[in-house]
Amino acid sequence: MSPEELLRNRGLRVTRPRLAVLEVLAGGGHLEVEEIAAQARSKLDSVSTQAIYDVLSALSRAGLARRIEPAGSAALYENRAGDNHHHVVCRGCGAIGDVDCVVGDAPCLEPSAAHGFVIDEAEVTFWGLCASCQAKPEI
Ligand SMILES: [Zn+2]
Ligand SMILES: [Zn+2]
Ligand SMILES: [Zn+2]
């Protein structure tokens with residue numbers, strides 16, 4: 001599906017900033033807003049960081065982007081939305097990797113006590129040291 005169709009499918013107007021941000025996110029990874037803004041600016045004449053925030057929140061609400069915010073990190077956005085995947089985060093350098101659901105569909109983990117809630121998501125973050133941080137000598 002083209003980016004234009006993705007936007008129209010979700011009831012969003014097609015605008016150049018939205019297309020630029022979708023294109024940046026399609027490059028993969030988990031990106032900070034400033035990084036997305038810098039890359040979008042290389043595709044558009046000029047766009048404010050506030051406009052990028054607005055685009056990202058519209059895309060997130062529409063299910064075209066996902067926002068994650070591991071403890072100690074800035075908010076990060078990715079285009080892999082809607083599959084409830086999880087993340088592994090490096091304690092040393094903050095590197096992030098995607099981890100597929102371990103068991104089945106969301107919420108994929110059942111709480112031992114649901115307190116009467118209908119549970120629809122389990123946000124799981126695996127913490128550890130990435131390969132390059134493991135190779136660094138201890139300071
Ligand atoms: Zn690391
Ligand atoms: Zn991810
Ligand atoms: Zn899962």
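FYI, it's all coordinate maths here, none of it is from the lab. Remember, it's a predicted structure, so these values are computed and weren't measured experimentally. Note: ideal-geometry Cβ built from the backbone for every residue, glycine included; neighbour counts use all protein chains shown.
The residue list G72, G97 contains one member that is small (G, A, S), surrounded by fewer than 16 Cβ atoms within 10 Å (Cβ to Cβ) and either in a loop (DSSP other than H, G, I, E, B) or away from ligand 1 (no atom under 13 Å from the Cβ) (or both), which is G72.
Residues in the stretch 75-94 that are within 16 Å of ligand 1 (Cβ to nearest atom) and closer than 18 Å to C130 by Cα: H87, V88, V89, C90, R91, G92, C93, G94.
Mind telling me which of the residues R66, R61, R80 ends up being of a type outside the set (G, A, S) and more than 16 Å from ligand 3 (Cβ to nearest atom)?
Details: R66 fails: more than 16 Å from ligand 3 (Cβ to nearest atom); R80 fails: more than 16 Å from ligand 3 (Cβ to nearest atom).
None of the others qualify; the one that does is R61.
Please list, ordered by first then second residue, the pairs with beta carbon atoms under 7 Å, 6 or more apart or interchain, first in the stretch 53-70 and over 14 Å from A81 (Cβ atoms), second more than 16 Å from ligand 3 (Cβ to nearest atom) and assigned to a loop (DSSP other than H, G, I, E, B). Filtered contacts from the stretch 53-70: E69/A75. Of the residues making up the stretch 100-139, those that are surrounded by 13 or more Cβ atoms within 10 Å (Cβ to Cβ) and either out of contact with any Pro (no Cβ under 6 Å at 6 or more places or on another chain) or hydroxyl-bearing (S, T, Y) (or both) are C101, A106, P107, C108, L109, V124, T125, L129, C130, C133. Counting the residues of the stretch 19-50 that are in a helix (DSSP H, G or I) and under 22 Å from N9 (Cβ atoms) gives 10. Sort out which residues of the stretch 70-94 are away from ligand 2 (no atom under 12 Å from the Cβ) and either over 11 Å from the mean Cα position of the chain (by Cα) or not aliphatic (A, V, I, L, M) (or both), and write them in order of number. Correct list: A71, G72, S73, A74, C90, R91, G92, C93, G94.
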